[in-house]
Amino acid sequence: MNYSLKQAKHGVIETICGCMYSGKTEELLRQLKRCEYAKQNYQVFKPKIDSRYSDTEVSTHNLQKVPSVVIESPEEIYQHLKHDTQVVGIDEAQFFTPEIVEVVSKLANHGRRVLVAGLDTDWQGLPFGPMPHLLAISDIIRKQYAVCMVCGDSATKTQRLVDNSDDILVGSFNMYEARCRDHFDPELSLRKSKAPQQELNI
Ligand code: ADP
Ligand code: TMP
Ligand code: MG
């Protein structure tokens, strides 16, 4: 491949994780803003599947946005990487295939600061895609917390509100809300689909 990864000596992997609405993307954008003050060159990547608020930008739920390079597979990062990029931001990392782990490692091993944001757990409360591996190899981990929509406590879980048991289901306020452990009910969406049958049995 004709890309150059060689740069400064010490790279770093920083993973920002948490449930939906916890401020992962906000934190990513905050870090990138700091890079601007530090006059560091950065590039941001996101998976194509995330077309929620914008096709081409990384966006927070309150519509703060930053332009991004849209990719389908992790290796595409190499093709788009500029030789003078010092900081690489990646949002929605949970959607990538396991190859993201090697790409992120390589970038850091060749001197880049890699900021990775993604959901640590899915709608069932289980580890999501490559996130557990990314967390394991990270130098720095930031866990973000949302507010539980039932009781107002700190939320670490994402409650799916619709009847769907796919691992990947892109969406926001009409489909998901943040919940604390007490109010998280992973069976809720499954029960919703069974509800008419249960009613007949009563
Ligand atoms: P993430 O990428 O983690 O899903 P974002 O950074 O896109 O989150 O958005 C965080 C913002 O979402 C908060 O600043 C707040 O304005 C909004 N928000 C909506 N619902 C909640 C909630 N339940 N708890 C905290 N923030 C929420
Ligand atoms: P967010 O963390 O920036 O809010 O984005 C999370 C995205 O992940 C959002 O499009 C919904 C999606 N998602 C799934 O595909 N499966 C899941 O199990 C959960 C919880 C979220
Ligand atoms: Mg986000």
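I'd like the full set of residues that are under 16 Å from residue 170 (Cα atoms) and charged (D, E, K, R), limited to region 47-77. Hits for region 47-77 are 48, 50, 52, 55, 57, 72. Scanning region 47-62 for residues that are touching a Pro at 6+ places or on another chain (Cβ under 9 Å) and near ligand 3 (Cβ under 9 Å from one of its atoms) returns a single hit, 58. The set of residues in region 54-89 being within 12 Å of ligand 2 (Cβ to nearest atom) and not in a loop (DSSP other than H, G, I, E, B) consists of 58, 59.
Only one entry in 101, 44 is touching a Pro at 6+ places or on another chain (Cβ under 8 Å) and over 30 Å from residue 174 (Cα atoms), namely 101.
So which of 182, 163, 167 ends up being within 10 Å of ligand 2 (Cβ to nearest atom), farther than 30 Å from residue 11 by Cβ and loosely packed, with under 15 Cβ neighbours inside 10 Å?
167
In region 90-122, what count of residues is obtained for those that are part of a helix (DSSP H, G or I), of a type in the set (Val, Ile, Thr) and free of Cβ contacts under 8 Å to residues at least 40 places away in the same chain?
Kept after step one, since they are part of a helix (DSSP H, G or I), are these residues of region 90-122: 93-95, 99-109.
Now restrict to residues that are of a type in the set (Val, Ile, Thr): 100-101, 103-104.
Remaining after also requiring free of Cβ contacts under 8 Å to residues at least 40 places away in the same chain: 100-101, 103.
Qualifying residue count for the region: 3.
What about residue 26, is it free of Cβ contacts under 8 Å to residues at least 12 places away in the same chain, out of contact with any helix residue (DSSP H, G or I) (no Cβ under 7 Å at 6 or more places or on another chain) and surrounded by fewer than 20 Cβ atoms within 10 Å (Cβ to Cβ)? Spelling it out, it is not the case that residue 26 is free of Cβ contacts under 8 Å to residues at least 12 places away in the same chain, out of contact with any helix residue (DSSP H, G or I) (no Cβ under 7 Å at 6 or more places or on another chain) and surrounded by fewer than 20 Cβ atoms within 10 Å (Cβ to Cβ).
Regarding region 105-115, can at least one residue be identified that is in contact with a Phe, Trp or Tyr (Cβ under 8 Å, 6 or more places away or on another chain) and among the hydrophobic types (A, V, I, L, M, F, W, C)? No - not one qualifying residue is present in region 105-115. Among the residues here, residue 51 qualifies as modelled with pLDDT under 95, part of a loop (DSSP other than H, G, I, E, B) and either closer than 23 Å to residue 135 by Cβ or within 16 Å of ligand 1 (Cβ to nearest atom) (or both). Looking at region 85-115 only, could you name the residues that are crowded, with 20+ Cβ neighbours inside 10 Å and acidic (Asp, Glu)? Correct list: 91, 92.
Mind checking whether some residue in region 152-175 is assigned to a strand (DSSP E or B), within 22 Å of residue 100 (Cα to Cα), within 17 Å of the chain's Cα centre (by Cα) and within 14 Å of ligand 1 (Cβ to nearest atom)? No - not one qualifying residue is present in region 152-175. Whenever a residue of region 68-81 is free of Cβ contacts under 8 Å to residues at least 60 places away in the same chain and under 16 Å from residue 108 (Cα atoms), its partners that are outside any loop (DSSP other than H, G, I, E, B) and charged (D, E, K, R), lying with C-beta atoms within less than 7 angstrom and at least six residues away or across chains, give the pairs 74/99; 75/99. Among the residues making up region 20-53, none is near ligand 2 (Cβ under 9 Å from one of its atoms) and over 23 Å from residue 176 (Cα atoms).
Does residue 28 satisfy the condition of being more than 21 Å from residue 175 (Cβ to Cβ) and within 13 Å of ligand 3 (Cβ to nearest atom)? Judged against the criteria, residue 28 is a match.
Suppose we keep only residues that are of a type outside the set (Ser, Thr, Tyr), over 18 Å from residue 26 (Cβ atoms) and in contact with a Phe, Trp or Tyr (Cβ under 8 Å, 6 or more places away or on another chain) within region 116-145. Which one would you say is surrounded by the fewest Cβ atoms within 10 Å (Cβ to Cβ)? Among those residues, the one meeting the criterion is 125.
The values are calculated or read from the model by the stated rules, or taken from the named source; none is laboratory data. Small disclaimer: the values here were computed from a predicted structure and weren't measured. Every residue, glycine among them, receives a Cβ derived from its backbone with ideal geometry; neighbour counts consider all protein chains shown.
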